[in-house]
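Undergrad: Can you read through this structure? Questions will come right after.
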Amino acid sequence: MLWDIFCKVIDNHGDIGVCWRLCAELAVRGDAVRLWVDDGSALAWMAPRGHARVEVIAWTGDVATREPGDVVVEAFGCDPPLSFVAALARKTAHDGRQPPWINLEYLSAEPYVERSHGLPSPVMAGPGAGLRKHFFYPGFTAKTGGLLRERDLLPRQAEFDRTAWLTGHSIVLAPQERLISLFCYEPAGLPDLLRQLAQGPARTRLLVTAGRARTAVERALQGLPAV
């Protein structure tokens with residue numbers, strides 16, 4: 001099948017990360033995917049090799065020059081361009097059936113996920129009036145959409161060589177040096193955390209996520225003594 005997946009980058013890599021994993025896994029399973037994204041810059045380091053069956057399309061304004069494929073996914077309620085929705089309505093009228101239009105929601109363990117997963121959401125206005133979306137809620141029970149996981153994820157985790165990975169990134173740890181992965185937004189307590197880590201007792205090496213986390217850490221370090 002041909003999938004159209006729409007993504008707006010508003011979060012700290014969560015949106016583009018989820019969408020890319022979904023696109024890549026669909027492609028591995030033999031489908032073709034068009035990823036419409038308003039800011040695909042993070043893919044340069046997140047997925048530098050891309051995938052032959054995934055086309056990344058710059059989503060700018062209301063421009064949508066492609067005819068809808070077999071399935072439409074809007075990630076986290078981002079609303080596809082009106083021109084694309086109009087094309088989807090025309091395709092539905094021509095074919096006599098609407099392609100599935102899925103609103104991919106956030107992962108949660110809250111009870112409402114089971115109640116909301118799979119519910120229809122009629123489109124009441126605009127060029128898509130009369131069409132219908134359906135909510136897809138990832139979750140942790142059989143009554144939800146489950147978890148996004150690559151087929152080879154567990155074997156890859158079992159085969160992961162931590163030492164080789166660190167060496168490949170030119171990271172050489174000193175004796176007793178501790179290694180911490182840090183992912184964050186811009187928490188007010190970040191300078192205090194960095195100060196406490198710097199005070200020991202062991203030396204700390206931080207692996208900081210690219211983007212907002214790195215910017216926040218660099219800003220926090222400016223107000224601290226050399227660490």
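The values are calculated or read from the model by the stated rules, or taken from the named source; none is laboratory data. Quick caveat, the model's predicted, so the values are computed rather than measured. Backbone-built Cβ (ideal geometry, glycine too); neighbour counts: all protein chains shown. What goes into the accessible areas is simple: the full protein's heavy atoms, side chains included, and nothing from ligands, DNA or RNA. Shrake-Rupley method; radii C 1.70, N 1.55, O 1.52, S 1.80 Å.
Undergrad: With segment 143-227 as the region, which helices (runs of 4 or more DSSP H) entirely inside it contain at least 3 residues that are open to solvent by less than 100 Å² (accessible area, probe 1.4 Å) and touching a residue at least 24 places away in the same chain (Cβ under 8 Å)?
TA: Here the list reads 190-198, 212-222.
Undergrad: To continue, here is another question. Here are P138, P127: which of them is assigned to a loop (DSSP other than H, G, I, E, B), within 22 Å of the chain's Cα centre (by Cα) and either without any contact (Cβ under 8 Å) to a residue 60 or more places away in the chain or under 22 Å from V85 (Cα atoms) (or both)?
TA: Going through P138, P127 in turn, just one is assigned to a loop (DSSP other than H, G, I, E, B), within 22 Å of the chain's Cα centre (by Cα) and either without any contact (Cβ under 8 Å) to a residue 60 or more places away in the chain or under 22 Å from V85 (Cα atoms) (or both): P138.
Undergrad: Between a first residue in segment 93-117 that is charged (D, E, K, R) and a second residue that is open to solvent by 80 Å² or more (accessible area, probe 1.4 Å), which pairs have beta carbons less than 7 Å apart while being 6 or more apart in sequence or on different chains?
TA: Taking only residues 6 or more apart or on different chains, the pairs are E114/K143.
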